[in-house]
1. For F66, are the conditions met, namely being exposed (fewer than 15 other Cβ atoms within 10 Å of the Cβ) and touching a residue at least 12 places away in the same chain (Cβ under 8 Å)?
2. Looking at segment 120-128, is at least one residue under 19 Å from S252 (Cβ atoms) and of a type outside the set (D, E)?
3. Limited to segment 1-17, what total is found for residues that are closer than 21 Å to V253 by Cα and without any contact (Cβ under 8 Å) to a residue 60 or more places away in the chain?
4. Which residue, of L307, L300, L282, is of a type in the set (A, V, I, L, M, F, W, C) and either at pLDDT below 95 or within 23 Å of the chain's Cα centre (by Cα) (or both)?
5. Restrict the check to segment 98-118 and report whether at least one residue is at pLDDT 95 or above, more than 16 Å from ligand 1 (Cβ to nearest atom), closer than 16 Å to E156 by Cβ and not charged (D, E, K, R).
6. May I ask you to say which residue of A128, A132 is in contact with an Asp or Glu (Cβ under 6 Å, 6 or more places away or on another chain) and either within 20 Å of K75 (Cα to Cα) or free of Cβ contacts under 8 Å to residues at least 24 places away in the same chain (or both)?
7. Looking at (1) β-branched (V, I, T); (2) in a helix (DSSP H, G or I); (3) closer than 15 Å to P185 by Cα, can you tell me which one V215 breaks?
8. Out of all the residues in segment 137-185, which are within 15 Å of V81 (Cα to Cα), outside any strand (DSSP E or B) and either in contact with an Asp or Glu (Cβ under 6 Å, 6 or more places away or on another chain) or free of Cβ contacts under 8 Å to residues at least 24 places away in the same chain (or both)?
Amino acid sequence: RKEQLQLLASVDAVTKDNVRMRLAGNISSIKDLEIALKYGAEGVGLFRTEFLYMDRLSFPSEEEQFEIYRQIVEKTGEQSVVIRTLDIGGDKQLEYFSMQDEDNPVLGFRAIRISLDNQEIFKTQLMAILRASAYGNVKILYPMISSLEEVRKANEVLQEAKQELTAKGIPYSDNIPVGAMIEVPAAVAIADLLAQEVDFFSIGTNDLVQYVLAVDRMNEKIAHMYHPYHPAVLRMLRQTVMAAKEAGIPISVCGELASDEKALPIWIYLGVSDLSMSSQSLLRVKHRILNIYASESRELAAHCYRLSTSSEVEAELVRYLGTET
Ligand code: PEP
Ligand code: MG
């Protein structure tokens, strides 16, 4: 079965009625990228850069980061690489960067908030990413955006980084697309406004589900309440996708829900064709896509959107998978 799945690596992800999906890889290292490419990933939909910063004694230099970004971009070839800026805090800590203990770390000092508060560290990362953009198809993604001001401030630092590189005569791609992670309910509520400010959206369902339902994604005691199929989540997904479509910007999904086969009808119904997931999921999800009809999926998802509870929605999605393939 594993060998059979491997044969799908070079096959396009299309439904039985010819709807084309694009499956990209979530990676944290060059090693991850190699595995993702082996399993047929169409580019990198999420490069979690925090792993460059972990397990060491100080912040990585611009040069060190550039070297890794460049290798990843070159290995990926024509396809795009979405590089997410540093997303520490919450459950991810750096030994050499002291952060105060917080009562609610997940609602605290993390991700873009840390970058905007430490602009030299942020600018160093952006310079390294910009330099790598001269070697391939790079996109920048800001994590945990909750306001327009954050995007604007981050873009100001990006502008400074570009000016510094220009002054030094170092090449970079000037029209590098900049996107926002949609993983905080506030970002969903202002998705129409954010869509005017960025070039693309990437939905982070892991955090979005946690914040929408106020259910800590790490707390086992309430794990049974972590419902990606809660109607509140489904509505947030729809609102985000509609804002992106209205503004004509691309949208993709990079949280765990992207690799949950049960969710495929929802993405197809909403018109989301770009999914990014861990390498281990790529072939399994592709196999499922090859065996479903988009027309049926749309009908089923439309029905799910009329249901009132997570368990009803999930039961419908499970039933559909059970009768398929
Ligand atoms: C997410 O929140 O869905 C996401 C992709 O980011 P991370 O899991 O790294 O927080
Ligand atoms: Mg997240």
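The values are calculated or read from the model by the stated rules, or taken from the named source; none is laboratory data. Being a predicted model, the structure only gives us computed values, none of them experimental. Here the Cβ positions follow ideal geometry from the backbone for every residue, glycine too, while neighbour counts run over all protein chains shown.
1. Details: exposed (fewer than 15 other Cβ atoms within 10 Å of the Cβ): no; touching a residue at least 12 places away in the same chain (Cβ under 8 Å): yes.
Spelling it out, it is not the case that F66 is exposed (fewer than 15 other Cβ atoms within 10 Å of the Cβ) and touching a residue at least 12 places away in the same chain (Cβ under 8 Å).
2. Our first condition is that a residue be under 19 Å from S252 (Cβ atoms); within segment 120-128, this holds for none.
Within segment 120-128, not a single residue is under 19 Å from S252 (Cβ atoms) and of a type outside the set (D, E).
3. Residues in segment 1-17 being closer than 21 Å to V253 by Cα and without any contact (Cβ under 8 Å) to a residue 60 or more places away in the chain: 1 in total.
4. Numbers: L307 fails: either at pLDDT below 95 or within 23 Å of the chain's Cα centre (by Cα) (or both); L300 fails: either at pLDDT below 95 or within 23 Å of the chain's Cα centre (by Cα) (or both).
Only one candidate passes the filter, namely L282.
5. Yes - at least one qualifying residue is present in segment 98-118.
6. Details: A132 fails: in contact with an Asp or Glu (Cβ under 6 Å, 6 or more places away or on another chain).
Sole residue among the options that is in contact with an Asp or Glu (Cβ under 6 Å, 6 or more places away or on another chain) and either within 20 Å of K75 (Cα to Cα) or free of Cβ contacts under 8 Å to residues at least 24 places away in the same chain (or both): A128.
7. (2)
8. N175, P177
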